[in-house]
């Protein structure tokens, strides 16, 4: 039996209020689940129209199930492993814009339409100079949305009450600001009238966002077990963790329309998203980057094993709570709670997160995610944070390409790999040569955007840790800090 409205007696239809670009796992596990909660708990009385904005996608399978799908949420909750599932009934239909362009534009004529959601990947919010308003459809996502907004503006003759709340979820900084800038650029290039441009600026709101939830996606290996448990076939099952966070930089009017916090969802409406983005990058992403070389060289292969390990787990908690959190400006209680949740997320027994899978481009990740904490700690405390310096030394050792007798499958740009290979080729194992390795790598301004040898005490700290790692191994070297 297939999941659809015939096999799901509780199926409901709601007015279409949300236009969503993207039908992938993340939006269905995150935004669509939240709108489903609004329908159940806040009488939102709305549904989502999903737009497949590229040639290939999953809209056909979604339509075969009348927009229904099963969401599994699995992970630690209050310290206990918990797996729950529910049927999500919030998507009304899916539209394939390359085959149903007229139907796509027609959704702009719906007076109930109020919200635009998107997740078109980091490369989706980009200007394409070849886009034309006469194309059916234009190529880029911003151009597709620009034409849709213009059609709505024309349909309702510039009525300001028919403006849209535009809430992109792409993982780029200032996602809404960038989307708006491109749409204004296209509108001017295409000769759209001044009234439309004014409508975009005054009748529509553009909300920068930060999204956070680990979504492994379609649980292919578990599907026989899931099908037996559910008693029906569902080709759109999606899995995610319990943790969720959506930070939205938006006017008070949006919070009144979408009262997610009032129904217990971790959605924060803020005036400035910057501190929350910094918190996520420094703690969640930064801890990942700090952890990888240390734990991997220790002999560990997964994130969960790392944080549960008596030695490595202690190391990563010290780096997080003693060295990263003191560099951030949000209330300490809030930062401590977020970091504790991150540790629980890393311990999720349902997710096998390989350290090597997050080792890609470790140098650039260290520069954006960890180095700011190192520099800010030095600025505020006057000393070098030793656990973060140890991680930097471990990263240098990691790029030597060996874990004992095992070769490490380094994954970085050819330029970085060649650079580190040449640096290590000059080392003979002496303390002097290891200091030279550190000095050359810290001086690689192309990656660091500055010469790190000018940061007082950093070269000395990293050299000391690298010598200990090379002479004694990571297991003994960690004990020495």
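The values are calculated or read from the model by the stated rules, or taken from the named source; none is laboratory data. As the structure is a computational prediction, the values presented were derived from the model and not from experiment. No Cβ is skipped: glycine too gets one built from the backbone with ideal geometry, and neighbour counts run over all protein chains shown.
Yes/no per residue for (1) crowded, with 20+ Cβ neighbours inside 10 Å; (2) under 21 Å from residue 415 (Cα atoms); (3) under 32 Å from the mean Cα position of the chain (by Cα):
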{"residue": "440", "(1), (2), (3)": "no, yes, no"}
{"residue": "445", "(1), (2), (3)": "no, yes, yes"}
{"residue": "450", "(1), (2), (3)": "no, yes, yes"}
{"residue": "455", "(1), (2), (3)": "no, no, yes"}
{"residue": "462", "(1), (2), (3)": "yes, no, yes"}
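How many residues are part of a loop (DSSP other than H, G, I, E, B) and either free of Cβ contacts under 8 Å to residues at least 40 places away in the same chain or in contact with a helix residue (DSSP H, G or I) (Cβ under 6 Å, 6 or more places away or on another chain) (or both) if we restrict to the range 114-131?
Count: 10.
Residues 459, 422, 453, 411: which one is in a helix (DSSP H, G or I) and in contact (Cβ under 8 Å) with a residue 24 or more places away in the chain?
Answer to the selection: 459.
Could you check the range 244-262 and list, in sequence order, the residues that are free of Cβ contacts under 8 Å to residues at least 40 places away in the same chain and in contact with a strand residue (DSSP E or B) (Cβ under 7 Å, 6 or more places away or on another chain)?
Passing the criteria: 245, 247, 255, 261.
Considering only the range 319-339, I want to know if a residue exists there that is part of a loop (DSSP other than H, G, I, E, B), within 23 Å of the chain's Cα centre (by Cα) and surrounded by 15 or more Cβ atoms within 10 Å (Cβ to Cβ).
Yes, the range 319-339 has at least one match.
Yes or no, residue by residue, for (1) touching a helix residue (DSSP H, G or I) at 6+ places or on another chain (Cβ under 9 Å); (2) in a helix (DSSP H, G or I); (3) in contact (Cβ under 8 Å) with a residue 24 or more places away in the chain; (4) surrounded by 14 or more Cβ atoms within 10 Å (Cβ to Cβ):
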position	(1), (2), (3), (4)
179	yes, yes, yes, yes
184	yes, yes, no, yes
187	yes, yes, yes, yes
215	yes, no, yes, yes
223	no, yes, no, yes
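Regarding residue 265, is this residue over 30 Å from residue 405 (Cβ atoms), in a loop (DSSP other than H, G, I, E, B) and touching a residue at least 40 places away in the same chain (Cβ under 8 Å)?
yes
Could you tell me how many of the residues in the range 21-35 are surrounded by fewer than 24 Cβ atoms within 10 Å (Cβ to Cβ) and in contact with a helix residue (DSSP H, G or I) (Cβ under 7 Å, 6 or more places away or on another chain)?
1
Give all pairs with beta carbons closer than 7 Å in which a residue from the range 379-408 that is assigned by TED's automatic domain parsing to the domain that holds residue 327 meets a residue that is part of a strand (DSSP E or B); count only pairs at least 6 apart in sequence or on separate chains.
401/407; 408/402
List the pairs whose first member sits in the range 345-369 and is at positive phi and touching a residue at least 24 places away in the same chain (Cβ under 8 Å), whose second member is in a helix (DSSP H, G or I) and crowded, with 18+ Cβ neighbours inside 10 Å, and whose Cβ atoms are under 9 Å apart, counting only residues at least 6 apart or on separate chains?
361/416
Scan the range 34-54 and tell me whether some residue there is in the same structural domain as residue 264 (by TED's automatic domain parsing), closer than 22 Å to residue 351 by Cα, free of Cβ contacts under 8 Å to residues at least 60 places away in the same chain and not in a strand (DSSP E or B).
No, there is no match, as no residue in the range 34-54 is in the same structural domain as residue 264 (by TED's automatic domain parsing), closer than 22 Å to residue 351 by Cα, free of Cβ contacts under 8 Å to residues at least 60 places away in the same chain and not in a strand (DSSP E or B).
Looking at 102, 135, 146, can you tell me which residue is without any contact (Cβ under 8 Å) to a residue 24 or more places away in the chain, assigned to a helix (DSSP H, G or I), under 22 Å from residue 22 (Cβ atoms) and more than 22 Å from the chain's Cα centre (by Cα)?
The conditions single out 102.
I want to confirm something. Restricting to the range 87-97 and keeping residues that are touching a strand residue (DSSP E or B) at 6+ places or on another chain (Cβ under 8 Å) and in a loop (DSSP other than H, G, I, E, B), which single residue is surrounded by the fewest Cβ atoms within 10 Å (Cβ to Cβ)?
So, considering only residues that are touching a strand residue (DSSP E or B) at 6+ places or on another chain (Cβ under 8 Å) and in a loop (DSSP other than H, G, I, E, B), the one surrounded by the fewest Cβ atoms within 10 Å (Cβ to Cβ) is 97.
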